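The values are calculated or read from the model by the stated rules, or taken from the named source; none is laboratory data. Since this is a predicted model, take the numbers as computed values, not measurements. Cβ coordinates were reconstructed from backbone atoms using ideal geometry, including for glycine residues, and neighbour counts include every protein chain displayed.
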Amino acid sequence: MKGKLFLIVGPSGSGKSSVLMELKMMHPEYIYPLSATTRPMREGEKEGDIYDFYTKKRFEEGIQNGDFLEHAVVHQDYYYGLLKQPVLKSLKAGEVVVREVDIQGFDSIRRTIPAQNMVSIFITTANKNELIDRIVNRAKISNEELGKRMESMHHEFARAKDCDYLVENQKGELKQTVKMVSKIIQKESKR
């Protein structure tokens, strides 16, 4: 494989999706494979923008068929996954592929994709309280859901050291965060 897969990793609320959306506008030449998920669509989301929304049955059939490069149950409720064939096809063609994943997805992908074809970038915030504020303020979620996300968050922060790069997404500085991620991608793409 000649291409590179760049994984944008981080806990819920860190800004992974926002970084990815801005990066898409800045670098439309990169490949951004969609995630498949069984979670409900949030307000403002559309099918095919960032996610393909699957029924649980359809997702489980895909798992059985070996269609996913990675898949996991996140926050103890919903399936998330990355379809295998589009990514492998792009890497074989020498393209830059950028993908948002949680820590479970990162673990699965790095068992499959050779290290020389993958770079991981962990997106973090100044502190955990800022992260909790972002989660609570972006969409209405139950206290139970918040508890699940906080549990996942602690585990994910502990794993930041396993990534190749750490980028802090400071409050109100999304453009700067995206520039930093873009520089990493440009630098690593040339290696």
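For segment 8-22, filtered to residues that are surrounded by 22 or more Cβ atoms within 10 Å (Cβ to Cβ) and touching a Phe, Trp or Tyr at 6+ places or on another chain (Cβ under 8 Å), the residue that is nearest to Val98 (Cα to Cα) is Val9.
Of the residues that make up segment 64-76, is at least one closer than 19 Å to Ile185 by Cα, surrounded by fewer than 18 Cβ atoms within 10 Å (Cβ to Cβ) and not hydroxyl-bearing (Ser, Thr, Tyr)? Checked segment 64-76: no residue is closer than 19 Å to Ile185 by Cα, surrounded by fewer than 18 Cβ atoms within 10 Å (Cβ to Cβ) and not hydroxyl-bearing (Ser, Thr, Tyr).
Inside segment 85-120, residues that are touching an Asp or Glu at 6+ places or on another chain (Cβ under 6 Å), part of a helix (DSSP H, G or I) and either at pLDDT 90 or above or more than 22 Å from Ser182 (Cβ to Cβ) (or both) make up a count of 3.
Going through (1) more than 14 Å from Tyr32 (Cα to Cα); (2) crowded, with 17+ Cβ neighbours inside 10 Å; (3) modelled with pLDDT under 95 one by one, Phe59 falls short only on (3). When you check Glu47 against the structure, is it under 21 Å from Leu91 (Cα atoms) and surrounded by fewer than 17 Cβ atoms within 10 Å (Cβ to Cβ), yes or no? Spelling it out, it is not the case that Glu47 is under 21 Å from Leu91 (Cα atoms) and surrounded by fewer than 17 Cβ atoms within 10 Å (Cβ to Cβ).
For segment 26-56, a residue qualifies if it is at pLDDT below 95, of a type in the set (A, V, I, L, M, F, W, C) and within 28 Å of Lys190 (Cα to Cα), and the qualifying residues are Leu34, Ile50. Once segment 83-101 is narrowed to residues that are touching a Gly at 6+ places or on another chain (Cβ under 7 Å) and either closer than 19 Å to Lys16 by Cα or acidic (Asp, Glu) (or both), the residue that is surrounded by the fewest Cβ atoms within 10 Å (Cβ to Cβ) is Glu95.
Within this structure, Lys16 passes the test of being touching a residue at least 60 places away in the same chain (Cβ under 8 Å), within 23 Å of His155 (Cβ to Cβ) and of a type in the set (Lys, Arg). Within segment 151-190, being of a type in the set (Gly, Ala, Ser) and either closer than 18 Å to Leu5 by Cβ or in a helix (DSSP H, G or I) (or both) holds for Ser152, Ala158, Ala160, Ser182, Ser189.
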